[in-house]
Each structure stands twice: as C-alpha cells, then as structure tokens.
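Derivation of every value follows stated rules applied to the coordinates shown; laboratory data play no part. Owing to the predicted nature of the structure, the values given are computational and were not obtained by experimental measurement. We place every Cβ from the backbone using ideal geometry, glycine too, and count neighbours over all the protein chains shown.
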Amino acid sequence: MVTSEEIVNIDDIDPYGMVHHSIYFRFYEHGIFKYLCKEKNQDNVSFVIREADMKYISSTFTGNSLKVITECKGSKDNRYTFKQSIERNDKTVNSAKIVVDLVPSYGT
C-alpha cells in the first residue's frame, strides 16, 4: 500500500466550485504510478487504464489537502487491480477500483 498527498488547485475545479470528476482519475493515476515504481524498483513505468469503477461520496474544493490511498488487490502478468480511495480530514470522499495494464515505455 502507498499513500500520497494531493492539493486541490484552482484549475481542478468545475464551474460549480467543486473538483471536476476527471481530476480524481489524475490523482488515482499518481497513486498507481507511485505504487508501480516502488513495486518494479524503477523510476518510470508506463500503463494504461483498462477499466475503472469510481464512486463519488462527497465534494472537495480548492485548497483541500487530500490523501490518496493505493492498494494492489492482485496482479497477473502485466495486469494490476487496485483498490483506491481519496480522503479529506480522514474521511473518504471518493473510492475506486481500477485495473491497469503495463505497456512498453515510449521509445522502447
């Protein structure tokens, strides 16, 4: 399991003043990247999201400090399944199950 911190920036906000749903995927990708680099003992890994199931729980806003929790639930060959969550003040605001496939890095 790895955790990472994300700060919500003004450009992460939708017209209604809340974090746009697509931004949560970016936060999740950061967590997956950090996990895979640690797992593979590499500075860089490339992956594509094969499938994603994300659940909104509550809103987040500019300036919020968020904790992204990434846990690998299984892997086979080059496919990894992750259970992830985003917390604000120790309360879950978003959760997801994301499956990724490792792909060759650019230029290899």
### Net +/- balance of residues flanking ILE23 in space, Cβ distance below 13 Å, scoring K and R +1, D and E -1
-4
#### Entry: Percent RCO, i.e. relative contact order, over region 46-108, from Cα pairs under 8 Å lying at least 6 residues apart
43
### Task
As a check on your grasp of the helix formula, calculate [θ] at 222 nm for the chain: sum -39500 (n - 2.57) over DSSP H runs of n ≥ 4, divide by the residue count, round to the nearest 500.
-6500 deg cm²/dmol
### Task
Give the relative contact order (percent, whole number) for the chain; include only Cα pairs under 8 Å separated by 6+ residues.
32
### Query
Taking only Cα atoms, what is the 0 to 90° angle, nearest 10, from helix 21-40's long axis to the longest principal axis of the chain?
40
### Query
So what is the diffusion coefficient of the chain in µm² per second by Stokes-Einstein at 25 °C and 0.890 mPa s, using a Kirkwood Rh over Cα pairs?
171
